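**Q** Take this structure first; my questions come after.
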Amino acid sequence: MTKRTIVAALSLAGIFVALYLLLYKIGKIGNLSCSIGSCETVNTSKWAVLLGAPVAGWGVVFYVTLFVVALLSIQDQHADSPAMSKLLALITGIGFVFSAWLTSLELFVIHAICQWCVISAIIVTTSFVFAVLDLKDRRDVEPTA
């Protein structure tokens with residue numbers, strides 16, 4: 001299994017987590033199943049909406065985009081592409097920074113932790129690590145001029 005395939009699998013898991021949180025936020029699910037932390041406190045806070053859309057909705061868009069790019073990157077015509085490695089590292093890097101910002105809001109502003117948000121943060125962090133390792137692998141084999 002390649003690092004890019006792992007990123008694709010992780011992004012698929014992220015889609016499900018973000019979609020679960022989005023369905024709660026838009027009222028399609030009555031209660032969040034949250035055995036640890038205060039998911040409802042986090043997801044009903046003013047910080048759960050960004051630019052007029054639920055943060056979970058942005059998460060779905062992020063993870064679907066990452067999934068599509070990761071799938072494209074494992075196709076034969078892109079399998080050895082350093083550009084795809086750079087794109088995956090860029091996308092996951094943005095997700096990592098955004099997730100770190102959201103986690104800091106949970107800890108220092110909202111004073112509540114959502115286990116699903118933590119799971120998403122772990123998914124995006126792990127994706128970022130694998131994307132950076134993939135980028136490093138591609139740089140190690142790039143011919144020098």
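The values are calculated or read from the model by the stated rules, or taken from the named source; none is laboratory data. Given the structure is predicted, the values throughout are model-derived calculations rather than measurements. Every residue, glycine among them, receives a Cβ derived from its backbone with ideal geometry; neighbour counts consider all protein chains shown. To get the accessible areas, we keep the full protein, side chains included, count just its heavy atoms, and leave off ligands, DNA and RNA. Shrake-Rupley method; radii C 1.70, N 1.55, O 1.52, S 1.80 Å.
**Q** Of the options Ala70, Ile122, Ala9, report the single residue whose Cα projects farthest towards the positive end of the charge dipole of the chain (beta-carbon charges: Lys, Arg +1; Asp, Glu -1).
**A** Most positive-ward Cα: Ile122.
**Q** Separate question: Which whole-number percent gives the relative contact order of the chain, counting Cα pairs below 8 Å spaced six or more residues apart? Write out the running numbers ahead of the final one.
**A** Working: 171 pairs, mean separation 54.6, N = 145.
For the chain, the relative contact order is 38 percent.
**Q** Work out how much length Lys86 to Arg139 would gain on full extension: take 0.36 nm times their residue separation and subtract the Cα-Cα distance, in nm to one decimal. Present the calculation step by step, with values, prior to reporting the outcome.
**A** On the way: separation 53, 0.36 × 53 = 19.08 nm, distance 1.00 nm.
Extra length available between Lys86 and Arg139 comes to 18.1 nm.
**Q** Roughly speaking, what is the stretch gain from Gln77 to Leu12, that is 0.36 nm per residue apart minus the C-alpha to C-alpha distance, in nm to one decimal?
**A** Details: separation 65, 0.36 × 65 = 23.40 nm, distance 2.22 nm.
Extra length available between Gln77 and Leu12 comes to 21.2 nm.
**Q** Treating the beta-carbon of each Lys and Arg as +1 and of each Asp and Glu as -1, no other charges, what is the dipole magnitude of segment 1-97 about its Cα centre, to the nearest 20 debye? Mind dumping the intermediate values first?
**A** Details: 6 positive and 3 negative charges, 34 e Å.
Computed charge dipole of segment 1-97: roughly 160 debye.
**Q** Can I ask one more? Would you mind working out the accessible area per residue for the chain, using a 1.4 Å probe, and quoting it in Å²? Don't skip to the answer; put the middle values down first.
**A** Values: 8060 Å² over 145 residues.
Each residue of the chain exposes 56 Å² on average to a 1.4 Å probe.
**Q** Under 19 Å from a label point 7 Å along Cα→Cβ of His111: give me every residue in segment 14-41 with its amide N that close.
**A** 37-41
**Q** For n ≥ 4 DSSP H runs only, could you compute -39500 (n - 2.57) per run for the chain, divide by its residues and tell me the 222 nm figure to the nearest 500? List each step's numbers first, then the result.
**A** Values: 5 runs with 98 residues, N = 145.
About -23000 deg cm²/dmol.
**Q** Which order do the peptides 82-91, 102-111 take when ranked by the mean count of other beta-carbon atoms within 10 Å per residue, highest first? Numbers along the way, then the final one.
**A** Numbers: 82-91: 18.8, 102-111: 15.1.
Descending mean neighbour count gives 82-91, 102-111.
**Q** For the pair Ala53/Lys28, report the inter-label distance in nm, with labels modelled 7 Å from Cα in the Cβ direction.
**A** Here the answer is 1.5 nm between the modelled labels.
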